[in-house]
Amino acid sequence: MSLIPEKMPHHIAMILDGNGRWAKKRFLPRTMGHRKGAFNIRDIASKCNALGIEYLTMFCFSTENWNRPDSEVSYLMKTPIRYYARYKEQLWNSSVRIRFIGRRDRIPEELRQVMEELEEKTKDHPGLTLTLCIDYGSYDEITTAVKEIAKDVSEQKISVDDITPNLIEQHLFTKDMPPLDLLIRTSGECRISNFLLWQLGYAELYFTDVLWPDFNEKELMKALENYQNRNRRFGGIQNENQ
Ligand code: IPE
Ligand code: MG
């Protein structure tokens, strides 16, 4: 399997799904699936970093995931704290820059501190930018953007005619990221689940039946190879030279 360097995606997003089913298949509690899934974030992010991919944006916890049982929510909120306590030196010494997007106001204080510290400690890292979406939902992101823009109009900082797709993008959490090239969703579900709705406008979509904890380097390479065989036209027509 060989990848074409010029056709590498610059920005990949992933919907990490199937942790619970992975655990169920093994007669384990769902939390064990989340544990394995968390280690897989590390492995897949390192691989993307090694491949020279610039941006990887992962959907870890949605604005709707609060509806899960308290015990599961609490486990999910504690996992990054435990992981950080154990591996912080490795994270500080790696070249990966870590950021978080989503609402911050509902995140437990202890986790919020870990998130802020990780962002600060890794902010100058030159490698992959790994964005973890926690308490993220597109409806929330777009609503926030609309409110900010409406406020600027009402305060006469901008006029209605200044509202363009570019301006809207400048109000999204992803404002300083390159366009999304590829979305990967694991576990066989073929839906977007309120993830990056605006940003997915021209992304290629890749769905696989593999459960997130089983999504390994081989599966990543398969997805990348599949992506490189797509013919991206962005509403135009096929370039004869391609
Ligand atoms: C994805 O796995 C992890 C999170 C959304 C936190 P799920 O927990 O959704 O796993 P399934 O879909 O029940 O298998
Ligand atoms: Mg799921």
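The values are calculated or read from the model by the stated rules, or taken from the named source; none is laboratory data. On a predicted model such as this, the values are computed, not experimentally measured, just so you know. Note: ideal-geometry Cβ built from the backbone for every residue, glycine included; neighbour counts use all protein chains shown.
What number of residues in region 164-208 are over 15 Å from the mean Cα position of the chain (by Cα) and of a type in the set (Ser, Thr, Tyr)?
4
With respect to Leu205, is the statement that it is on the phi < 0 side of the Ramachandran plot and assigned to a helix (DSSP H, G or I) true?
Values: on the phi < 0 side of the Ramachandran plot: yes; assigned to a helix (DSSP H, G or I): no.
Taking the combined requirement at face value, the residue does not satisfy it.
Six or more apart or on different chains, Cβ under 7 Å: which pairs go from a residue in region 209-224 that's surrounded by fewer than 15 Cβ atoms within 10 Å (Cβ to Cβ) to one that's at pLDDT 95 or above and part of a helix (DSSP H, G or I)? Could you list them?
Taking only residues 6 or more apart or on different chains, the pairs are Glu217/Lys47.
For region 96-115, give me each residue that is in contact with a Gly (Cβ under 9 Å, 6 or more places away or on another chain) and not in a loop (DSSP other than H, G, I, E, B). Before you say what the answer is, go through the steps one by one.
Of region 96-115, the ones in contact with a Gly (Cβ under 9 Å, 6 or more places away or on another chain) are 96-97, 102-103.
If the condition is that a residue be in contact with a Gly (Cβ under 9 Å, 6 or more places away or on another chain) and not in a loop (DSSP other than H, G, I, E, B), then Arg97 is the only one that fits.
List pairs: first in region 57-71 and within 24 Å of Arg42 (Cα to Cα), second polar (S, T, N, Q) and modelled with pLDDT of 95 or more, Cβ under 6 Å, 6+ apart or cross-chain?
Listed by first residue and then by second, the contacts come to Thr57/Thr131.
For region 6-39, how many residues meet the condition of being β-branched (Val, Ile, Thr) and more than 12 Å from ligand 1 (Cβ to nearest atom)? Break it down stepwise before answering.
So in region 6-39, the residues β-branched (Val, Ile, Thr) come out as 12, 15, 31.
In the following step, the residues that additionally are more than 12 Å from ligand 1 (Cβ to nearest atom) were identified as 12.
Residues meeting the conditions: 1.
What pairs can you find where one residue is in region 1-24 and more than 16 Å from ligand 2 (Cβ to nearest atom), the other is of a type in the set (Lys, Arg) and at pLDDT 95 or above, and their Cβ atoms are less than 8 Å apart, with a gap of 6+ or different chains?
Sorted first by the residue in region 1-24, then by its partner, the pairs are Met1/Lys222.
What's the total number of residues in region 5-39 that are touching an Asp or Glu at 6+ places or on another chain (Cβ under 7 Å), surrounded by 16 or more Cβ atoms within 10 Å (Cβ to Cβ) and under 17 Å from Leu183 (Cβ atoms)?
Count: 4.
Given the condition within 27 Å of Val210 (Cα to Cα) and exposed (fewer than 15 other Cβ atoms within 10 Å of the Cβ), answer yes or no: does some residue in region 119-137 qualify?
No: zero hits.
Which number in (1) surrounded by fewer than 17 Cβ atoms within 10 Å (Cβ to Cβ); (2) of a type in the set (D, E, K, R); (3) within 13 Å of ligand 1 (Cβ to nearest atom) marks the one condition that Arg42 misses?
Status for Arg42: all satisfied but (3).
List, please: which pairs have Cβ atoms under 8 Å, are six or more places apart or on different chains, and start with a residue in region 157-172 that is modelled with pLDDT of 95 or more and end with one that is of a type outside the set (A, V, I, L, M, F, W, C) and surrounded by 15 or more Cβ atoms within 10 Å (Cβ to Cβ)?
As it stands, the answer is Ile158/Asp152; Leu172/Glu141; Leu172/Gln199, since those pairs meet every condition given.
Restricting to region 225-242, give me the number of residues that are out of contact with any Pro (no Cβ under 7 Å at 6 or more places or on another chain) and surrounded by 13 or more Cβ atoms within 10 Å (Cβ to Cβ). It would help to see each step written out before you state the result.
In the first step, residues of region 225-242 are kept if they are out of contact with any Pro (no Cβ under 7 Å at 6 or more places or on another chain); the result is 225-226, 228-242.
From what is left, the residues that are surrounded by 13 or more Cβ atoms within 10 Å (Cβ to Cβ) are 225-226, 228, 230, 232.
The qualifying residues number 5.
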